[in-house]
Amino acid sequence: MDLNTLIREEIQKQPEKAIPFSRYMELALYHPSFGYYMSDKPKVGKEGDFYTSASVHPVFAETLADAVIDMCRAGNMPAPTLVEIGGGTGAQCRHMLDRIRDAAPELYETLTVMMIEASPYHREVQREALQEHEVSKQWFSSLEEAAEQVRIEGVILSNEWLDAFPVHIAEKAKGGWQEVWVTERGGEFVEVCRKVTPELAPYLEALDRKLPVGMRIEVNLELEKAAQDVSRLLKKGFVVTIDYGDLKEELYHQSRKQGTLMCYYRHVAHDNPFIHTGEQDITAHVNFSDWSTYGVQAGLREWAYMRQDRFLMRNGLLEKAVSHMDTDPFRSPAMKRNRAIQQLIDPAGLGGKFRVMVQAKEIDEQTILRFR
């Protein structure tokens, strides 16, 4: 049996002969046997389907490590825990640890690393990536599992985690909101607009009624629970969330009337989630207004919110550029490093498309940090 067959069978079992898009996306990405993120297929980099800031060059992780060092010192956390959620191959964490070991050896000696990763394959890859680092390490398969067992002081970091949550899709019709469901027609999966599911209805009722007819939005109903679990896990410290997204007023702008859902398959970006099921990434922009609101409700105060380029520059990225006399751009480490720095702060690329939100818990509001 394959994933397409499993989804078809679930559709046929429903009275409506359809399932909400959020359920389809959940199966496509997280089915234990066939989901995209659960497979051992490379996802990031040249052999995968997309690039992340971390895959561009280790200088990204080095700069994040400097920010973590600053937060741990300013927050008076001498024996902190560094938590990474959805760390993929573990390369970003490895490069961060390299930097912390060199730049803050006293912190490195007391550091605990916690990796929260749903994929058994990626947990094994992470263990291999981090094996050379002699710090205390823990692994959990879910944020909820970690929050139930541990409370930490330190920094909880995620890079492109929230954008991979299954989302509901709603469209404003003349008679009110409808939800996008998925059915089967002619052997293919197709969308149909039907009644709003009970779990989505309260969210839509609270939205601005001035949103125009035809407006399509994605709603991540799991954000509230995620914020609660992050706050349960964090006794004291900071939460750093890096992702592509926007505040609510930008997400619901007329220019994004068709929503933000995107798919990535072998470095080709498109908007059809019903092909390559289980073999492609499906994402939607993060609603940082919701993430902030749910965080405040859970006890996480919003500390800073800015574009990625500004966050990286304020944490010393430009200082990591190196002078050189090299002429071969393909063999020169210095030239590669400098090109990566330019790419990470490009306002038309990674620097402008990604946002960074920092939240704090039990941290004095007068605490001074480089990026704030």
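FYI, it's all coordinate maths here, none of it is from the lab. Predicted, not measured: the structure shown is a model, and the values here were computed from it. Positions of Cβ are backbone-derived with ideal geometry, glycine not excepted, and every protein chain shown enters the neighbour counts.
Over region 1-144, what is the relative contact order in percent, taking alpha-carbon pairs closer than 8 angstrom and at least six residues apart?
Values: 179 pairs, mean separation 27.2, N = 144.
Once divided by the residue count of region 1-144, the mean separation gives 19 percent.
So if each residue of separation counts as 0.36 nm, and I subtract the Cα-Cα distance between V322 and R151, what length gain in nm does that give?
Result for the pair: 57.6 nm of gain on full extension.
Residue by residue, what Karplus-based ³J(HN,Hα) values in Hz, rounded to whole numbers, does region 99-106 have, using 6.51, -1.76 and 1.60 with θ = phi - 60° and x for Gly and Pro?
Couplings: 5, 5, 4, 7, 8, 9, x, 5 Hz.
If neighbour count is taken as other Cβ atoms inside 10 Å, put T277, T112 in order from fewest to most.
Lowest to highest Cβ neighbour count: T112, T277.
Roughly how compact is region 106-219, stated as its Cα Rg over 2.2 N^0.38 Å to two decimals?
Relative to the rule-of-thumb radius for its length, region 106-219 sits at 1.60.
Using the 10 angstrom Cβ neighbour count as an exposure proxy, how do I363, I217 rank, fewest first?
I363, I217
Calculate the spin-label point distance for N272 paired with Q131, positioning each point 7 Å from the Cα along the beta-carbon direction, and give it in nanometres.
Between Q131 and N272, the label points sit 4.2 nm apart.
Hey, could you grab the Kirkwood Rh for region 1-136? Inverse mean 1/r over distinct alpha carbon pairs, Å, one decimal.
17.1 Å
Provide the per-residue ³J(HN,Hα) series for region 307-319, in order, calculated from phi with Karplus coefficients 6.51, -1.76, 1.60 and θ = phi - 60°, each as a whole number of Hz, with x at glycine and proline positions.
3J(HN,Hα) across region 307-319, in whole Hz: 5, 4, 4, 5, 4, 5, 5, 5, 9, x, 4, 5, 5.
For the chain, what is the Kirkwood hydrodynamic radius in Å, using each pair of distinct C-alpha atoms?
The answer is 21.7 Å.
Mind checking the alpha-carbon convex hull of region 159-296 and giving the volume per residue in Å³?
With only Cα atoms used, region 159-296 gives 135 Å³ per residue.
Roughly what angle does helix 21-30 make with the longest principal axis of the chain, taking Cα atoms, 0 to 90 degrees, to the nearest 10?
40 degrees
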